[in-house]
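Engineer: Starting off with a structure, shown below.
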Amino acid sequence: MKKYRIGKSLLIIMMTALIWSATALAASTDPSVELVETENKDQYKITIHNWNVEANSLQFDLTVDQEVPDYTMEWADKAESSYQKVIVKKEPKKTIFTFYADKLSPISEGDTAELGLFTIKGLSAIPKFTTSGEMIILDENVNAASYSGVAVNVKYNDRNHNQETEKPVTPAETEKPQETEKPVQPARAMTLHKSSVSLYLKGSPKSITLKAYLNKKKLSGSSVTWKTSNKKVATVKNGKVSAVSKGTVTIEAVKDGLTASCRVKVKQPTISLNSKSVTIYNKISTRTTLSASVNGVKVSGNKVKWTTSDPKTATVKNGKVKAKKTGRVTITATANGKKAKCTVNVSKPSLEIKTKSIGVKKGKTVKLKVYAKPNKKIVYKSDDKTIASVSKNGQVEGIRKGNTIIRVSCNGFKKEIPVTVK
């Protein structure tokens with residue numbers, strides 16, 4: 001152990017407090033935040049202690065007792081998969097920094113996690129750090145562990161603050177035996193397999209059974225005390241949550257003084273279709289299939305009731321629509337008392353040619369203007385390719401002087417376009 005000589009009584013009091021704080025933290029089962037000032041003034045190495053899980057995400061806050069003009073954070077984890085940020089909230093005479101570290105792989109392998117170098121700039125005095133004591137940790141399976149007893153331990157570099165660093169050695173201190181380090185007890189974390197879920201008054205899911213874990217060990221539903229913030233919205237028994245009325249509640253699980261919660265939103269049933277309007281054709285492209293989603297989940301056609309406003313124009317069965325004659329109908333899907341509608345237009349197929357005849361010079365090209373409904377493949381053919389050729393997209397090229405015919409076919413229609421090559 002290094003010996004220090006303290007020149008001022010105030011610093012002696014500060015160091016005594018820090019030693020007491022460090023001893024208390026060693027015995028704590030909750031994670032603690034340690035800030036160690038480097039040789040650079042107001043630059044602190046941030047480390048999390050009492051780590052006992054392979055966490056992939058964490059969130060905690062630090063408050064500085066001054067208004068901080070500027071800061072930098074150099075994260076220790078520089079992997080591309082990491083998402084790390086600091087959110088700053090400035091208030092009168094203090095600044096709150098919230099640290100987020102996400103998608104780490106993992107943050108640490110043991111009981112210590114080094115986050116990086118935190119530098120605050122433009123301060124008028126030695127900063128004091130505090131924390132709300134709250135820390136949230138997620139593992140790779142998004143299981144949450146929430147701690148409320150997190151403390152912050154700060155070690156200042158005296159050289160940065162014009163303080164003497166040596167302390168006179170006394171015989172009592174040299175003969176004093178070193179204290180043995182107390183073993184760190186693993187933190188106890190209570191989690192649920194869902195942090196939020198939506199239920200519906202009708203249909204599925206109308207209920208869900210939450211699974212509770214203590215240090216990743218599954219607990220039986222009856223061994224946990226379950227609470228709901230509003231029985232008129234949702235009830236809970238042995239972990240099974242049942243929807244009662246529209247609204248939002250918090251379901252809480254309690255075990256041996258530890259708690260975990262899940263936000264439950266109870267909604268009215270919903271139904272939607274993949275299209276609000278479609279067009280099909282007589283004789284060609286006469287069918288289409290509509291798909292429905294009930295309570296946000298796509299379902300098979302036979303799970304929904306289907307009706308048509310005019311079966312003589314178009315019929316529907318399990319979402320499959322078939323044209324009968326030209327016209328317009330409304331297809332309605334019904335589930336859990338909710339309806340969704342789609343307008344179906346039944347049209348006649350067509351093949352329209354804007355160019356009645358064309359003249360083209362030898363070696364030149366002309367583009368034919370042809371339109372088809374439905375827009376299927378249009379086939380072009382020249383009666384005499386030695387006079388004029390035509391590409392698959394209707395580009396006519398003059399080869400030699402003369403006359404020929406370009407034939408166009410699509411949707412069961414066939415038309416002719418006279419061509420003169422000059």
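Engineer: If the requirement is being outside any helix (DSSP H, G or I) and under 30 Å from LYS376 (Cα atoms), which of these qualifies: ILE208, ILE280, ILE251?
Structural biologist: ILE280
Engineer: Let me ask something else. Of everything in region 283-299, what is surrounded by 15 or more Cβ atoms within 10 Å (Cβ to Cβ) and assigned to a strand (DSSP E or B)? Give them in sequence order.
Structural biologist: THR288, ALA292, SER293, VAL294, VAL299
Engineer: Go through (1) of a type in the set (D, E, K, R); (2) under 28 Å from ASP30 (Cα atoms); (3) not assigned by TED's automatic domain parsing to the domain that holds LEU199 one by one and return the number of the condition GLU252 breaks.
Structural biologist: Of the numbered conditions (1) of a type in the set (D, E, K, R); (2) under 28 Å from ASP30 (Cα atoms); (3) not assigned by TED's automatic domain parsing to the domain that holds LEU199, the odd one out for GLU252 is (3).
Engineer: Could you check region 375-422 for strands (runs of 3 or more DSSP E) lying wholly inside it with 1 or more residues that are within 24 Å of LYS348 (Cβ to Cβ)?
Structural biologist: 379-382, 402-410, 413-421
Engineer: Let me ask something else about it. Check whether at least one residue in region 291-306 is under 22 Å from PRO374 (Cβ atoms), aromatic (Phe, Trp, Tyr) and touching a residue at least 24 places away in the same chain (Cβ under 8 Å), and report yes or no.
Structural biologist: No - not one qualifying residue is present in region 291-306.
Engineer: Exactly one of (1) aliphatic (A, V, I, L, M); (2) more than 22 Å from LYS265 (Cβ to Cβ); (3) within 24 Å of the chain's Cα centre (by Cα) is unmet by LEU214. Its number?
Structural biologist: For LEU214, the exception is condition (3).
Engineer: Of all residues in region 24-44 being hydroxyl-bearing (Ser, Thr, Tyr) and modelled with pLDDT of 90 or more, which is nearest to GLY149 (Cα to Cα)?
Structural biologist: Here the answer is TYR44.
Engineer: Give me the strands (runs of 3 or more DSSP E) completely within region 79-195, filtered to those with at least 1 residues that are modelled with pLDDT under 75, ordered by residue number.
Structural biologist: Where strands (runs of 3 or more DSSP E) fall fully within region 79-195 and carry at least 1 residues being modelled with pLDDT under 75, they are 83-91, 94-102, 135-139, 144-147.
Engineer: Report, by residue number, each residue of region 219-238 that is modelled with pLDDT of 90 or more, in a strand (DSSP E or B) and more than 10 Å from ILE251 (Cα to Cα).
Structural biologist: Result: THR225, LYS237.
Engineer: Turning to a different aspect of this structure: Does TRP226 fit the bill of being over 25 Å from the mean Cα position of the chain (by Cα), closer than 22 Å to THR343 by Cα and aromatic (Phe, Trp, Tyr)?
Structural biologist: So TRP226 does not fit the description; no.
Engineer: Another question about this same structure. Could you list, ordered by first residue, the pairs with Cβ atoms under 6 Å in which the first is in region 213-226 and closer than 17 Å to ILE137 by Cβ and the second is of a type in the set (Val, Ile, Thr) and surrounded by 14 or more Cβ atoms within 10 Å (Cβ to Cβ), at least 6 apart or interchain?
Structural biologist: Pairs found: TYR213/THR191.
Engineer: Here's a follow-up. Name, by its number, the condition in (1) closer than 30 Å to SER389 by Cβ; (2) in a strand (DSSP E or B) that does not hold for ILE331.
Structural biologist: (1)
The values are calculated or read from the model by the stated rules, or taken from the named source; none is laboratory data. Note that the structure is predicted; figures quoted are calculated from it, not measured. Reconstructed Cβ throughout: ideal geometry from the backbone, glycine too, with neighbour counts over all protein chains shown.
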